[in-house]
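The structure appears right after this line, and notes come after that.
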Amino acid sequence: MSRERIALEAPAVSARVLAHGVASVEGALLERAFAAGREQGLAEGLAQAGDGLDRAAARLSALEEEARAALARTASELAVEIARVLLRVEIARENYDLEKLVRESLAESGVGRGACVVHLHPADHARLASVRFRSGTTLAPDEGVARGDVHVETPLGLLVRDVDGALEIIGRRLQEAVG
């Protein structure tokens with residue numbers, strides 16, 4: 001028999017594997033099946049890893065947001081506390097314009113030149129003993145009033161101007177602003 005190749009116009013209708021080629025065919029099939037399984041496993045593993053990374057990133061983002069909010073709250077609380085300490089130091093040194101505070105409080109009281117009593121801490125009262133205010137205004141020492149605070153008692157009511165109250169309002173507004 002000649003070993004020449006003959007080109008056929010018709011497609012092959014049957015094929016057979018020679019005995020010496022069975023092992024190589026099985027090996028090739030196993031290699032292909034292994035490669036396909038490896039690719040599928042790799043794709044599934046990458047998809048699961050990607051999902052895990054997405055969940056971890058979302059959790060990390062949420063934790064970062066919580067940490068930023070907590071930091072903002074703590075910073076605002078610290079700022080108010082620092083202001084409180086500084087104000088108390090300045091008040092203890094009498095480094096504030098008490099006369100101006102009293103005059104502004106009287107102007108805000110809304111009684112014009114009507115009678116009113118300005119309650120001050122006894123040390124603040126002593127500082128203003130020689131200062132003249134509008135007629136009808138009486139200064140009264142009051143142990144219940146903190147240094148640096150001014151309470152104006154009028155027929156319309158009581159106007160309270162105090163450091164701690166102002167700091168509380170500032171603190172609340174800061175807390176609202178930071179969420």
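The values are calculated or read from the model by the stated rules, or taken from the named source; none is laboratory data. Being a predicted model, the structure only gives us computed values, none of them experimental. Glycine also receives a Cβ, built like all others from the backbone with ideal geometry; neighbour counts cover every protein chain displayed.
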(message) Could you list, ordered by first residue, the pairs with Cβ atoms under 8 Å in which the first is in the stretch 133-144 and part of a loop (DSSP other than H, G, I, E, B) and the second is of a type in the set (Gly, Ala, Ser), at least 6 apart or interchain?
(response) Gly136/Gly114; Gly136/Ala115
(request) Mind listing whichever residues of the stretch 158-174 are surrounded by fewer than 13 Cβ atoms within 10 Å (Cβ to Cβ) and over 27 Å from Cys116 (Cα atoms)? (result) Arg172, Arg173
(message) Given (1) surrounded by 12 or more Cβ atoms within 10 Å (Cβ to Cβ); (2) more than 40 Å from the chain's Cα centre (by Cα); (3) not aromatic (Phe, Trp, Tyr), identify the lone condition not met by Leu120.
(response) (2)
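Test Arg173 against the stated conditions and say whether it is within 34 Å of the chain's Cα centre (by Cα) and in contact (Cβ under 8 Å) with a residue 24 or more places away in the chain. Can you show your working first?
Values: within 34 Å of the chain's Cα centre (by Cα): yes; in contact (Cβ under 8 Å) with a residue 24 or more places away in the chain: no.
It is false that Arg173 is within 34 Å of the chain's Cα centre (by Cα) and in contact (Cβ under 8 Å) with a residue 24 or more places away in the chain.
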(request) Please give the number of the condition Thr138 fails out of (1) exposed (fewer than 13 other Cβ atoms within 10 Å of the Cβ); (2) among the hydroxyl-bearing types (Ser, Thr, Tyr); (3) modelled with pLDDT under 90. (result) (3)
(message) Cβ-Cβ under 9 Å, sequence separation 6+ or interchain: first residue in the stretch 42-69 and without any contact (Cβ under 8 Å) to a residue 40 or more places away in the chain, partner in a helix (DSSP H, G or I) and of a type in the set (Gly, Ala, Ser). Which pairs?
(response) none
(message) Restricting to the stretch 76-89, and then to whatever is among the hydrophobic types (A, V, I, L, M, F, W, C) and in contact (Cβ under 8 Å) with a residue 12 or more places away in the chain, can you tell me which residue is surrounded by the most Cβ atoms within 10 Å (Cβ to Cβ)?
(response) Val80
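Does the stretch 93-112 hold any residues that are polar (S, T, N, Q) and either assigned to a helix (DSSP H, G or I) or surrounded by 15 or more Cβ atoms within 10 Å (Cβ to Cβ) (or both), and which are they?
First, the residues of the stretch 93-112 that are polar (S, T, N, Q): 95, 105, 109.
Selection gives Ser105, Ser109.
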